[in-house]
1. I need the phi-derived Karplus couplings for the stretch B:266-272: 6.51 cos²θ - 1.76 cosθ + 1.60, θ = phi - 60°, integer Hz, Gly and Pro marked x.
2. Placing +1 on the Cβ of each Lys and Arg and -1 on the Cβ of each Asp and Glu in the stretch B:184-286, which of B:ALA210, B:GLY244, B:ILE270 has its Cα farthest towards the positive end of the resulting dipole?
3. Only counting other Cβ atoms within 10 Å, I'd like A:THR317, A:THR101 sorted with the fewest neighbours first.
4. Between the alpha-carbon centers of the stretch B:403-448 and the stretch B:160-230, tell me the distance in whole angstrom.
5. Would you order A:THR407, A:THR231 from fewest to most other beta-carbon atoms within 10 Å of each residue's own beta-carbon?
6. What distance in nm separates the simple spin-label points at B:GLU50 and B:LYS108, each placed 7 Å from Cα in the Cβ direction?
7. Which FRET efficiency value, to the nearest 0.05, do you get for A:ALA58 and B:ASP305 by plugging their Cβ-Cβ distance into 1/(1 + (r/R0)^6) with R0 = 60 Å?
8. With +1 on each Lys and Arg Cβ and -1 on each Asp and Glu Cβ, how big is the dipole of the stretch A:262-415 about its Cα centre, in debye rounded to the nearest 20?
Amino acid sequence: MTEEVTDQSAPEEGLDVSRDSPLNGPGVAPDPAWFEQAADEPPYARHVLTTPLHLEAADESRTNSWAEWAGYTVAQVYTSIEQEYDALRTRAGLSDISPLTKIRLSGREVVTCLDRLLTRPVGDLESNQSVRAVLCDGHGHVITEGVLFRLGDEEFRLVLRSSHMDWLMQSALGFDVQLEDVSGTIAGLSLAGPMSDNVLALAGLEKPATLAKHHGAWVELGGMPVYLSRTGMMGGREYELWCDPADASIVWRRLLNVGQAVGLRPIGAAVRDIARLENGVALEDVDYQSAFTARDPSEALSPYDLCLGGCVDLDRTVFNGQSALRKIAASGSTNALVGFELDLADAAGVGPICNGDKQAGRITSHAWSPMLQCTIALGLVEASALGASDGFSIKTHAGENIPAKLTKRPFLGSS
Amino acid sequence: MSDDALQYDAIVIGAGHNGLVAAGYLAKAGKSVVVLDGAKAVGGAAQTAEISPDYQVSTAAHLISGFPRQVEKDLKLSKHGLVWATNDMVTVALDRDGKHIVLSSDRKSEVATIKAHASQDGDAWKAFEARTAKYVKLLKPFLEKRMPDVSEDGATKAAAMLALRLEKMGPLDLRAFLQLVPSSVAALLDRSLEGDLIKGALSLEATLGAAAGPHTPGTAFSYVYKKTQEAIGQGMGYPVGGTGSLTEALASAAEALGARIRLESPVREILVEEGRTTGVRLADGTVFEAPIVLSSVDPKTTCLDLVGARHFETPMVNHVSRIKMRGATAKINLALEGLPTFENFSDREYGGRLLIAPDMGTVERSFTAAKRGELTLEPVMEAVIPSYHDPRLAPMGHHVMSIIVPNVPFDVEGGWDVQKEPFVKRVIDTISDYAPDLSDKIIAGEVLTPPELEERFGWGNRGWHQGNMSFDQLLAFRPVPGMANYEAGVRGLYLCGVGTHPGGGLTGLPGKLSAEAALAAEKVS
């Protein structure tokens, strides 16, 4: 009874207080709707998300230029592309990669489950080793690709650019395996550039230089546990640091503070994109359509089309896409995602790739590479055109034919 | 082949009619075959057993309408004891006032009984039958052979096959057929006929055994499909000794051809190595080896439980795990000390298939009640008095009655322990509306509720067709796209149960076609 009484009186008192509020002026009753609780919002309804490093990034930003990445807001440019690029390729750059999807797979049959899920077997992977993971659908088309870390005998972490959780759940049916999207519990930082070892050393880590490529280890950074791995997609010396979201901004701040001495700078998504292109990495939804989002079956591509044939091991027990990939491997792929160097300052809005007079494909992403002093691009072309004697060219909007030089990926030699 | 051999050319899982037919054909082709079954007797759902001493009845399936003459001849079943008690049964739609509709090969009397309910139905029925016959003619060739696989290049082939036959029908029939495919049987019947009783009976035929009511989309096609299956068979009937005699003859024929049947040997696992089947492991650990394994277990259980999802690519696991298998049924078998008296019944009617479905509304209500987990107030049913044509099933002058009650919930409100008695009473009372002296003549009975059918035959809550017989799960889509050619995605493993094309009923065709697929594939490799 007493509770009811207080319940009734409480809003009235509240009204009295707000009536005197300077905002409303005397005697103006506030709209009761102001005090109503907002309707509960389901998590998937939210499209503007911030990473655990958002406040740090906002603090560093001098341009207020932001980019969207899987619903998260990340810095596009902190100061200027030139400065950031220069830092990344000559000293070191720090960036926020928290929007990546991280999925924890564990259980007694996690290895057999992954063997069926991915185009290559993972049983030989050592603890703390990582490998490029390609997921195909039943037609042998690439759904997505990412990096798979083995964290223990029966524990793996799959890092992808987009979730595809439904496919993973379906693929886990019939296996003794647990799947968990742990994206929200792990923040990611990328440290890249020739001086990144020095930055880590200044931060108190002596060992990282001995960490082999694609390997990882738990380290302590300023008293905080951080999983440090020699992975990344920008090429050169690079590390990724995975830590608790609560620790992320402290790790970020500490690295920036100690790294100042060697010229460490935060780098934004724009420079990351140039760097990944220099490294020849193709991205889902940019360079190729995921098998699930392709509007037309012909838009979906096999690993062979993407020149990821090295990630496919056909001769083993059944895996997703195996029977289709066997056929594709036998008949040869129809497309090829290849690298081009263009004699052009800005490739924005260029037309199709031509082979002789024939249209042979299109540019999927391009950027000016300051290191190479030319425009580099990834292009999806018909495989049959690769063997042709005619060179490739690109039609600009001005109607000019610009020669396109077929170039090996990665564009920048990895160090 | 000695009795304790563990290596064979082929293993057949399940000694039901399809498993035995498959074993017969494989043995006939010179293969050494073993049939493994967990039960104590052969037969699967086609078994004859005693209700009480001296009263025998087909425990589950009680009618055979689609068993082709060819299979009988190929396996020399008459030499192995198969004698038809009847294969010319009429279908009687029971009427409370004794104006029963009798569907038979005698067209004139058939039309007369239909006309008695609605005068305009005489001509309408003839037109309806003529059109149904056209559809049956269209579909029949597809049911007698293997379907092309629709997964890849087979899709265009299948489409072309159908398109050619559809084109031949002419524009009017084609339009009617295209309209029929997605229709409910209620829509089809309302378009064609007037009488409530005939519509009730036909809608019961179309939906029997499926989780569907007359208003469920797709049931019109189910009706046509059922009629096509009947057209392949030799008429509706049963052998002397009940449906169990069919499987016993099949077993004897298979054994005569050299196959071995090992009972009480439940298969626990189908062994797969490097994408190829190598044999099976029994629940007791015994391993049988063979490069070819045929499973008459339903496709879902075969693929996901016996083989394991890990041996299939994810899309196939998705397809298989989503096979619709629903529809609970109850079976009541009665021992009677004399024939129940039905008004206006003659010899022909007593020996017929009796349908109780006074109108489509009653059938629909029974389905709706089952969906809610309740028992309907007016059960619909299919009943047969097998001892009428096969007097040896019961002592002189006595009879047995076999009743299938569809649309019964698996989990009934209040539990079957409580509901079993009122349920049986309701069924008996319903029949008593037509044969008032029935309850006085019952001397023993056997009631198999859905949970009991589950325990004995494994299909309690999943329908008896190993996958509903709706258009999306028939022909080249049966059991799932990509497996229509009986190959179960693992080399050497074939599906041969009613879950495969051409589907449910005691037809033996899945077994025959599957064995042929296995033999053909072996020839190629």
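Read-outs: derived from the displayed coordinates by stated rules, not from any lab. Nothing here was measured: the structure is a model prediction, and the numbers come from that model. No Cβ is skipped: glycine too gets one built from the backbone with ideal geometry, and neighbour counts run over all protein chains shown.
1. Calculated HN-Hα couplings, in order: x, 7, 9, 8, 9, 7, 10 Hz.
2. Checked the options; the winner is B:ILE270.
3. Details: A:THR317 15, A:THR101 18.
Lowest to highest Cβ neighbour count: A:THR317, A:THR101.
4. Value for the Cα centre distance between the two parts: 30 Å.
5. Numbers: A:THR407 17, A:THR231 20.
So the ranking, lowest neighbour count to highest, is A:THR407, A:THR231.
6. It is 4.8 nm.
7. Details: r = 55 Å, r/R0 = 0.91.
Approximately 0.65, to the nearest 0.05.
8. Values: 13 positive and 17 negative charges, 58 e Å.
In debye, rounded to 20, the stretch A:262-415 gives about 280.
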